[in-house]
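Everything below concerns the one structure shown next.
The values are calculated or read from the model by the stated rules, or taken from the named source; none is laboratory data. Since the model is a prediction, treat every value here as computed from it, not as a measurement. Every residue, glycine as well, gets a Cβ built from its backbone with ideal geometry; the counts of neighbours run over all protein chains shown. Surface areas here come from the heavy atoms of the whole protein model, side chains and all, with no ligands, DNA or RNA. Shrake-Rupley method; radii C 1.70, N 1.55, O 1.52, S 1.80 Å.
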Amino acid sequence: MKIIKSSLTLKAGLFMRVIGIDLSGPSNHKDTVLSLFEKQDRELKFLKLMKDVSDFQILEEIETQSKIDEVIIGIDAPLSYEDGGGDRQGDKLLRQFIISLGMKSGSIMPPTFNRMVYLTLRGIKLTREIENMKTFNPISIVEVHPGAVIGSRLLHEDRKYVLNYKQALSARTFIRNWLDEQQLKELPAFIDKESHTIDACAAALGAWHWKDPLFEPTWLLPANPPLHPYDFCC
């Protein structure tokens with residue numbers, strides 16, 4: 001596991017913690033990234049980036065942050081699946097939404113699709129473990145689509161950057177600078193070196209706007225327990 005910290009001093013009990021997680025399958029820790037921010041007024045200040053993280057390390061970090069203040073977690077992974085297989089309602093609706101923005105539909109796949117099933121398994125297992133933790137302050141979880149978080153907030157003329165940021169460094173550099181304009185402050189310069197770090201930060205942005213009453217998500221499907229226990233947003 002690699003951890004990159006900012007020089008910002010943690011102040012216990014003062015500010016909400018916001019975590020964005022770009023999750024990969026359970027056997028692929030190297031592509032799992034956790035970003036940690038501290039909410040201060042209308043900004044998120046970068047605190048830490050953790051790469052190559054396991055479930056245990058994620059849970060340990062969440063427990064640590066819950067000792068400081070309320071924790072909001074945005075996870076880029078399916079946190080439920082459709083009984084009988086195929087798309088969930090949220091998958092269909094979000095796909096329609098991003099197509100309306102000029103984005104590609106292929107980034108949203110059914111949770112039980114072959115390429116998604118292990119990611120879905122890890123997302124469900126991890127959230128259930130979080131729910132069963134004994135924490136010191138409240139924890140909220142939301143399913144987030146980072147690409148849609150970015151694309152739905154970019155100006156129309158800038159949406160071309162969200163189409164190829166997985167492949168192109170120039171697009172990721174643009175998005176990294178754009179994230180600063182969205183009030184994600186003190187991001188490390190290297191955040192644009194891979195898409196997983198960009199996605200972890202975008203997941204935090206989506207979770208922040210979902211939870212903070214000063215903002216709102218650009219798209220939201222409320223939870224529908226017991227089969228779909230978490231809100232889904234961008």
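Here are some notes:
- Pair Thr64, Gln89: separation of 7 Å Cα→Cβ label points (nm): 3.9 nm
- Placing +1 on the Cβ of every Lys and Arg and -1 on the Cβ of every Asp and Glu, with no other charges, gives the chain a dipole of roughly 420 debye about its Cα centre.
- Candidates Pro111, Pro146, Pro213: whichever shows maximal mean-square fluctuation once the chain is modelled as a Gaussian network with Cα springs under 10 Å: Pro213
- Its Kirkwood hydrodynamic radius, worked out from the mean inverse distance over all distinct Cα pairs, puts the stretch 31-129 at 15.6 Å.
- Gyration tensor (alpha-carbon) shape descriptor, the stretch 141-216, a/c threshold 1.5: prolate
- Mean-position separation - Cα centroids, the stretch 85-104 and the stretch 186-221, in angstrom: 19 Å
- The DSSP beta bridges internal to the chain are antiparallel in roughly 60% of cases.
- Normalised by the number of residues in the chain, the average gap of Cα pairs under 8 Å and 6 or more apart makes the relative contact order 25 percent.
- Classification of the stretch 99-234 by its C-alpha gyration tensor yields a prolate form. The axis ratio a/c (a ≥ b ≥ c) is 1.5 or more, and a/b outweighs b/c.
- Within the chain, helix-based [θ] at 222 nm, where runs of 4 or more DSSP H residues each add -39,500 (n - 2.57), nearest 500: -10500 deg cm²/dmol
- Among Asn132, Asn164, Asn28, the residue with the largest mean-square fluctuation in a Gaussian network model of the chain, with springs joining Cα atoms closer than 10 Å, is Asn132.
- Across the stretch 79-173, the relative contact order, built from alpha-carbon pairs under 8 Å that are at least six residues apart, equals 27 percent.
- Build a GNM of the chain with springs between Cα atoms under 10 Å apart, and of Leu34, Leu23, Leu94 the one that fluctuates most is Leu94.
- Extension gain, Glu131 back to Leu155 (0.36 nm per residue minus Cα-Cα distance, nm): 5.0 nm
- Cα-based shape type of the chain, given that a ≥ b ≥ c are square roots of the gyration tensor eigenvalues and the cut on a/c is 1.5: rounded
- In Å², nearest 10: area of Trp219 left accessible to a 1.4 Å probe: 30 Å²
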